[in-house]
Amino acid sequence: MSLIDPENTIPEARSPFSEAWEMFRGNTAAMIALVILCLIVLGAIFGPYLYPTDPFDMVWAPFSPPGADGFILGTDYLGRDLLAALIHGARVSIIIGLAAAAVSILIGVTVGALAGFYKGWVEELLMRITEFFQVLPTLLFSMVIVALFGASLPMITFAIGVVSWTAVARITRSEFLRIRELEYVMASRASGATNAKLMFRVILPNALPPIIVQAALMVGSAILFEAGLSFLGLTDPNVVSWGQVIGSNRQYILDASYTVTIPGLAIFITVLCISLVGDGLNDALNPKLRSR
Amino acid sequence: MALLSVKNLRIEIKTRAGVAPVIDDLSFDLDAGESLSFVGESGCGKSMTALALMGLLPEGVGSVASGSITFDGEDLTQASEARLRALRGNDISMIFQEPMTSLNPLYTVGEQIAEVLRAHQGLSRKQAWDQAVELLDAVRIPNARARAEDYPFQMSGGQRQRVMIAIALACQPKILIADEPTTALDVTVQAQIFDLLQDMRRQTGSAIILITHDMGAVAEMAERMIVMYAGRKAELGPVDTIIAHPRHPYTAGLISCVPHILSTLTSEREDLVEVPGIVPALQDFGKDLCLFASRCRHAQPKCVNQRPPEIAFGNTHQAACWRAEEL
Amino acid sequence: MQILQAFAIRSGYAVILLIAVLVLNFSMMHLAPGDVADTISQSMGGADQELLDKIRADYGLDQPFIVQLGRYIGGVLQFDLGFSFFYNQPVTDLILQRLPATLLLVITAQVLALLIGVVMGVISARRPNGMLSHFVTFLALFGYAAPVFWTGILLLIAFSLKIQWFPVAGMMDVSVEGGFWFRAGDIARHMVLPVITLGSIFLALYSRLARATMMETLGSDFVRTAKAKGLSPNQVVYKHALKNSLSPVITLAGLQFSAVISGAVLVEAVFSWPGLGTLAFQSIIARDTPTILGILFFSALVVIVGNLLTDLALRLIDPRVGGKG
C-alpha cells in the first residue's frame, strides 16, 4: 500500500548520534536504568572517600544483622562492615566487568573482522576456532585458567575475556560479510584503499551499532562471571569485590543469609540496569529492528 | 438471486494517523459460475475486499465498519467464526500472490492438500491422500503420486501455485478468489496458470473472482470487471463494453497501458500513455471528493469538491465520474 | 539415509574437536607452573631433587612435549585421563561416578526449560498484551541479570529454610531406606530447587525467542493459507505455526549446552549437588590438575554430543536442512 506522504518523508538533517540519543531518551526504562547506573558508577568512584571504613577491618561483633548496632547492612562472619565492602567492592567489580568486556571485544572484533573480510580459508579457520571455544563450557574453562595460573585480578580478567568473545566474533563477521558487498565499500576498494583502511576505516565504523550493543551486554555478563568465579572462591582474597564478599561468606548462607543476598542484589541491580541500557541502545541504534 | 451480493461495504483500518476506509461504499453481485475481475493499482483495496469475503481481515487492524456480504442468503459479516471456518476452503476458497511462501515448508504438498479434504469432507487419511494425488494430477503435475511426497522447496514457483490451486479447488468451492495468482511467476508460466484456472472453472463450475492489476489478464479471463481506485469502485461492467468504451478516465488510463488489447479490438494503435502520479495517501481515503482528480486530465473544480455518484449506462455498466457521460 | 550420512560426517568432525580440546588441555597443563611430580612430592610431604627426577622419568615428564602429548591423547582414547593423587583413583572412574548426577540436572533443566519456554512463547504470542506476555518480558530481564547462585540462595532461603518444602542440600536422603520409586521420589524432591534455579535462566531465553519467532510465523503467508483452508485456530497454531517456530528455538538451545553446564557448576555449589561441578570445585581447591582437565574434557564431550543431537533434531523437523533432496 502506498503510504508515502511527501511532507512527512523528508527527514531533517541530523547527526546519527543525536538521532540515536533522541530515540534513547524516549525509552523510559532505559533512561531510569542509565540514571541508576550513573549513580552506581559515581558511588564506586567517590564512595570510598565518603565512607572510609576499611572493608577488611573487624569493626564489630560477627553476624550483626542489617540495621542493628548502627551498621546499615550489618557485619559478616568476621565482624567486617558489609556496607563498606559493598562501596569499596563496586570499583573492582565494575573495572573487571569493563576490562574483561574490552578483552573479549578486542578478540571478537579482530577474529570476526578478519573472517568476514577475507572469507575463504581464513574465515573457515577462524570460525572453526570460534566453534571450538563454544564447545568449552565458559565458566569451567575460566575456572581452569584461574586455577592453573593463579587468581590475580589481571588473570581473572583475562580468563573471563578469553572465554566470552565468540558471540562478538559471530556478530562482527556477519556484519562484515554484509557490509563488504555494499556500494560504498566497492567504491573505496575501486579507488585503491588498502585492506587495512577498508577494514578499520570503512567497514568497521558501519558495523559498530550491533557491536556496541553487544559490548554493553558483555560488561553485564562479565560482572556476573566475576561474581560466579568469586562465589566458587576463585578470586584474589586481598582485593574486595562484590563477588569476593559473596565468596567469603558463602559457608554462612544458613546463619546469615544477608551477607550473600545483599551483595547479590547489588550485582543484580547493576546488571539489570546495564541490560536495560543495552536494550535501549539496541532500539536506538538499530531502528529497523523495532517494528517487530 | 445472485450467489454473492456485497452491499455498501465499508472496511476501515487503523493507522497511526487514525481510521481510514480502505474500502468505501462498495457494492457488487456475483452469479454462480461467473468470472469477475477486480482491477487497479496496488493500494486500491482489492486484496482487502478478498480478505473481507474470506472473513480474514487482519485482526486488530482491519474490520468491516458497515455494509453486508451476503453469500447464499447468509450475511457473512454477521456469521460466527465457526461458521466462517466451515465455509473457508470449502465453499469459498482463495489462492494467493506468493506461491513461494504460501505453502508450509515443513509438510509435504500431498498432506497440505489432503488436510483440507479431511477438515471439510470428513475423509479418512487414506481417502484424502488418494484424492490429493488425483487433484495434483488434475492441476497437471506430472507423476502426481510420487510428487505428492515432495516438500514445497522441491518444486518450482509455477508448480507450487498449481498445488495452491489444487488446495483451493479440493472441495469444489462455489467461489474461488485468486489474488494476483501469477504476479510472482514467469510470463510463460502465467499463461499456463490462467489456462488451468479456466479449465478448472469449467470442470467445477466455481465462480472466480480474479484480482489483478493486469488488464491483459482481465481481458483473457473475466466476463465482468470492477475497476477500483483508492478503495472506491470507479467503474463496473462487462469486460468487452468497458474495454471498447471506458467511462472513467482511470479505466481509460489502465487500458492504454496495455497495447495489445486495443490493437486486437480496434486494430488501431494509440501511443502508450501511462497514468501519471500515484494513489493518494491513506489519510485522504474518506474525503468527499473524487480521489482520482489530482491525476486526471479531465478534472473540473467540481471533482475536488464532491464525491461523484455512480452513473449507470444501461443495466450492466456504471462509472463513478462527474464527466462519465461526456467521455 | 541422508540423515545418517550427515550424522556420520558431523560425528567425525566432533572427534576432531575433541582432540583439539585435548591438545588445549595438555598445553595448559604444560604451561602451568608445577607438574605431576610436584603434586606427588607435595602429597608425600616433600621430596628431594633426585626423587623428583625419578618421578619425572617414571611418568615420562622428561620426554619432549610432542611425545607427551601423543601419550596423553593415546591414553584418553583408551579412556585413561590420568590419575588423581588427591582422590587416589583414576580420573575416568572419578568422573563417571559424578557424571550421572550432573547429566540428570542438566538434561532435566534443559528439557523443562525448552518445553515450558515453547508453551509460554506460543501462548504469549497469541496474546501479545496478555499477562503471560508481560511475564515473559519480566523473566527475560530477570534471567539475564540475576546471578545464578543468588537465585539459588534466595530459593533455598524461601523454600528450604522459611517454609520447609524441599531439602537444603544433596541429591538423596541416605538415612532412609526404600524401594526404587521411593528413591526416585526422594531424588525428585531434592531436584526441584536446583532445576528451577538452573532452568529459569534458560526458560527466560527460550520463552522470549519462542514468542518472537511465533509472532513472526503467525504473520506469515502459509499461516494465512492455513486459515484460508478453514482449519481450526488450534490446528493453525500447533500444526502449522508451531512446527515452523521450533527450529530457531532448538538451534538456540543447542548453543546453550555449554552455558547450561557452566550454570550447573554454580547450582551444584549452592545445593551441594554431588556432580561434576562440585568435583571441579573441590579439585580446584586441591590443585588436582588431572581431574580438572578431565572434567573440562568430559563437559566438552557432553556439549558436543548435545550439539549432535540438536543437529539431528533440526534435520528431523525441517526437510530443508542439509541441502536439497
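Quick notes on this structure:
- Whole-Å distance, taken between Cα centres, linking the range B:228-253 and the range B:40-97: 24
- Anisotropy class of the range C:59-100 from Cα gyration tensor, a/c 1.5 cut: oblate
- The range B:80-181: trypsin sites (Lys or Arg not before Pro) in DSSP coil with no more than 15 other Cβ atoms inside 10 Å: B:Arg140
- Helical segments meeting 30 Å axial Cα length and Kyte-Doolittle 0.0 threshold in chain C (DSSP H): C:2-31, C:91-126, C:180-218, C:289-317
- Per-residue mean of C-beta atoms belonging to partner chains within 10 Å, peptide B:95-108: 5
- Pairwise centroid distance, computed over Cα atoms, of the range A:181-234 with the range C:47-113, Å: 38
- Computed from label points 7 Å out along Cα-Cβ, the spacing between A:Ser152 and C:Asp58 is 3.4 nm.
- Approximate spin-label separation C:Lys243-C:Asp221, in nm, with each point projected 7 Å along Cα-to-Cβ: 1.9
- Size descriptor for the range B:92-170, Kirkwood hydrodynamic radius: 12.1 Å (Cα pairs only, one decimal).
- The mean number of partner chain beta-carbon atoms within 10 angstrom of a residue's beta-carbon across peptide B:146-153 is 2.
- Theoretical gain in end-to-end length, C:Val168 to C:Val305 [0.36 nm per residue, Cα-Cα removed]: 46.1 nm
- Extension gain for the segment C:Val67 to C:Ser232, taken as residue separation times 0.36 nm less the Cα-Cα distance, is 52.7 nm to one decimal.
- Where labels lie 7 Å past Cα in the beta-carbon direction, separation of A:Asp255 and C:Leu103 in nm: 4.0
- Computed FRET value (nearest 0.05) for B:Leu84 with B:Asp137, which takes r as the C-beta separation and R₀ as 22 Å: 0.10
- Estimated FRET transfer efficiency when R0 is 60 angstrom, pair B:Arg297-B:Gln121 (beta carbons, to 0.05): 0.65
- Among the residues of A:209-220, the average count of other protein chain beta-carbon atoms within 10 Å of the residue beta-carbon is 0.
- Relative contact order for the range C:92-317, counting Cα pairs under 8 Å that sit 6 or more residues apart, in percent: 30
- Only aspartates and glutamates eight or more places from B:Lys14 in sequence, or on another chain, were considered; those with a Cα closer than 18 Å are A:Asp5, B:Asp24, B:Asp25, B:Glu59, B:Asp284.
No lab work stands behind these numbers, since they all come straight from the coordinates. Remember, it's a predicted structure, so these values are computed and weren't measured experimentally. Quick reminder, even Gly has a Cβ in these numbers, built from the backbone with ideal geometry, and neighbours come from all protein chains shown.
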